[in-house]
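Notes to accompany the following structure.
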Amino acid sequence: MQTVDRPLALVETLRSRRQRLAQLFPQPAVLWSGGSSGRNFPANTYPFRASSHFLYFAGLPLEDAAIRLEAGKLQLFMDEATPASALWHGETPSRSEIAAAIGADDAYPLSELKNWAEGTATIAVQDAQTRLRQSHLLNRMLMPANAPQDLDAELANAIVALRSIHDELALAEIRRAISVSVAAHKAGMAATRTAKTEAHIRAAIEAVMIAHEMPPAYTSIVTIRGEVLHNAHSPHSLHSGDLLLADAGAETPTGWAADLTRTYPVSGRFLASQRAIYDVVLAAHDACIAAIQPEVEYREIHLIAARTIAAGLVDLGILRGNPTDLVEQDAHALFFPHGVGHLLGLDVHDMEDLGDRAGYAEGRGRSDRFGLCYLRLDRPLKAGMVVTIEPGFYQVPAILQDPQRRDRYRDMVNWERLAEFSDVRGIRIEDDVLVTDTGCEVLSADLPTHADEIEQLTQMQVRRTSRDTSD
Ligand code: GLY
Ligand code: MN
């Protein structure tokens, strides 16, 4: 972090967030930002990412810092940069400058924190070294993730309530991340005609993010092997007839994420088999979005996706039966094995460091059904939530070749007909959707989903700048 030149809106928003926290959780809480860890020597670090809970209340990605929140007040604990740090990393703002930028009431060196730690609640950070310091200072062993106890669990519940419903600043940041991500996806599509490999397209996508000083919010998935759901590798050459699945989203400098997926033909034209399945997935996407409004159960949105996909596959002759019955038998999950989406915010799967505490309403837990067990969100929707809608179709060999599943679904699947769609390995269409008072807003609507528009975008060449053309 080089500057602390932040608008007043940040200070006001941070103040309002901690006042609302105090209403839900009156006890003191300490949140750590975490630190970076060395790859092979201390100064060669993995990229630092501050804890999202810290970012929500502190607003800046400070390294090795902590904040104490009580009764709407914020105390900042961090050390001044050393002269050696100035030599290697340049001048950085002082503690008091940072304190002013985030509207802190007091600021102290980190060593003072021990005098303020007694009786405080916390959330375990991901970074193990800091978590050990947290445990030591608070005199209780903090587990890496998702199992806060007692007072920590109450703090976690309060933070979930706040972070689930986005304030104006959060929404402005998410919109910024989405806007850059839309441009990044369009650049990826435009690069497809000339790209030789998946990695070329991934580079075109991430170049736009980097040019906006935004890193990817998660490891980009840019692959012709879309059936590998979280495929982090992009080694393959591209050939006409391949479908490319690109799941990539930018993260703003203060940590807010986008999460977008499009699937497009490398040749610029879907094959008939691909277009047919694409349209089934798009119908599911559109039906989910049409149903989003406050108080609707997200699980119901997932089931709308499942039933629409099942109906589309019945129409194509791939599944046999009544779509509702097929979904009750989990037959849709042979091809759509994941949940239809998740919360989005400071993390791409927002607050999943707390396990299902954010995603699942109190008293609810994961189903053990094949078609529901990967559902990450099972709550009634509320205005101010941002969720992803990301139905898909995949031919995963581990599912489709599994002898027990082949046997169970023997009569529900027309396996000969399915073989005619062997060139469709993985399709996903993902948008980021804000729940509003009256329905919803697709925040990523500037990135087309219709197959004809996707084809047009992949047929466009990257526009050459005037500097390029003057060479
Ligand atoms: N963007 C990856 C996912 O939602 O899991
Ligand atoms: Mn997603």
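The fraction of all Cα pairs in the stretch 4-102 landing in successive 10 Å bins from 0 to the largest distance is 15, 43, 29, 11, 1, given as whole percents.
Rounded to the nearest percent, how much of the accessible area of the chain (1.4 Å probe, protein heavy atoms only) is carbon and sulfur? Percent of accessible area from carbon and sulfur atoms in the chain: 51. Computed extension gain for Leu132 through Glu213, at 0.36 nm per residue and net of the alpha carbon distance, reaches 26.0 nm. First check a/c for the chain, with a ≥ b ≥ c the square roots of the eigenvalues of its C-alpha gyration tensor; if it is under 1.5, answer rounded, and if not, answer prolate when a/b is larger than b/c or oblate otherwise. Cα axes put the chain in the prolate bin. Would you work out if the stretch 355-462 is rounded, prolate or oblate? Take a ≥ b ≥ c from the square roots of the eigenvalues of the alpha-carbon gyration tensor; rounded if a/c is under 1.5, else prolate when a/b is larger than b/c, oblate otherwise. Oblate shape, in that a/c is at least 1.5 and b/c is the bigger or equal ratio.
Using only side-chain charges placed at the Cβ, +1 for Lys and Arg and -1 for Asp and Glu, the dipole size of the stretch 230-309 relative to its Cα centre rounds to 340 debye. Quick check: the angle from helix 272-291's long axis to the longest principal axis of the chain, C-alpha only, nearest 10 degrees? Roughly 50 degrees between the two axes. Per residue, the stretch 255-406 exposes 34 Å² of solvent-accessible protein surface, assessed with a 1.4 angstrom probe and all protein chains in place. Once C-alpha pairs closer than 8 Å and six or more residues apart are averaged by separation and normalised to the residue number of the chain, the relative contact order reads 15 percent.
The mean accessible area for residues of the stretch 70-189, using a 1.4 Å probe and ignoring ligands and nucleic acids, is 50 Å² per residue. Highest mean packing comes first when the peptides 363-376, 35-48, 427-440 are listed by Cβ atoms within 10 Å, giving 427-440, 363-376, 35-48. How would the stretch 97-152 be classified by its alpha-carbon gyration tensor: rounded, prolate or oblate, with rounded meaning a/c under 1.5 and the a/b versus b/c comparison settling the rest? Verdict is prolate for the stretch 97-152. Relative contact order, whole percent, for the stretch 86-172 stands at 20, derived from Cα pairs under 8 Å and 6 or more residues apart. Judged by the mean number of other Cβ atoms found within 10 Å, the most tightly packed of the peptides 452-458, 74-80, 259-265 leads the ranking 259-265, 74-80, 452-458. Taking Cα centre as origin and charging only the Cβ of basic (Lys, Arg, +1) and acidic (Asp, Glu, -1) residues, the dipole magnitude of the stretch 300-420 rounds to 160 debye. With Cα atoms defining each centre, the stretch 220-274 and the stretch 365-394 are spaced 21 Å apart in the structure. Scaled to the globular estimate 2.2 N^0.38 Å, the Cα spread of the stretch 396-445, given as radius of gyration, is 1.84.
Derived value for the stretch 270-368: Kirkwood hydrodynamic radius 14.9 Å. Basis is the mean of 1/r over every pair of different alpha-carbon atoms. Seen against the Cα atoms of the chain and their longest principal axis, helix 198-211 is set at about 40 degrees. Charge dipole of the stretch 360-413 (Cα centre as origin; +1 on each Lys and Arg Cβ, -1 on each Asp and Glu Cβ, all else neutral): 80 debye, rounded to the nearest 20.
The values are calculated or read from the model by the stated rules, or taken from the named source; none is laboratory data. All values derive from a computational prediction rather than experimental measurement. When we count neighbours, we look across all protein chains shown, and the Cβ atoms used for this are built from the backbone with ideal geometry, even at glycine. The protein model used for the area step is the full one, side chains on, heavy atoms only, and it has no ligands, DNA or RNA in it. Shrake-Rupley method; radii C 1.70, N 1.55, O 1.52, S 1.80 Å.
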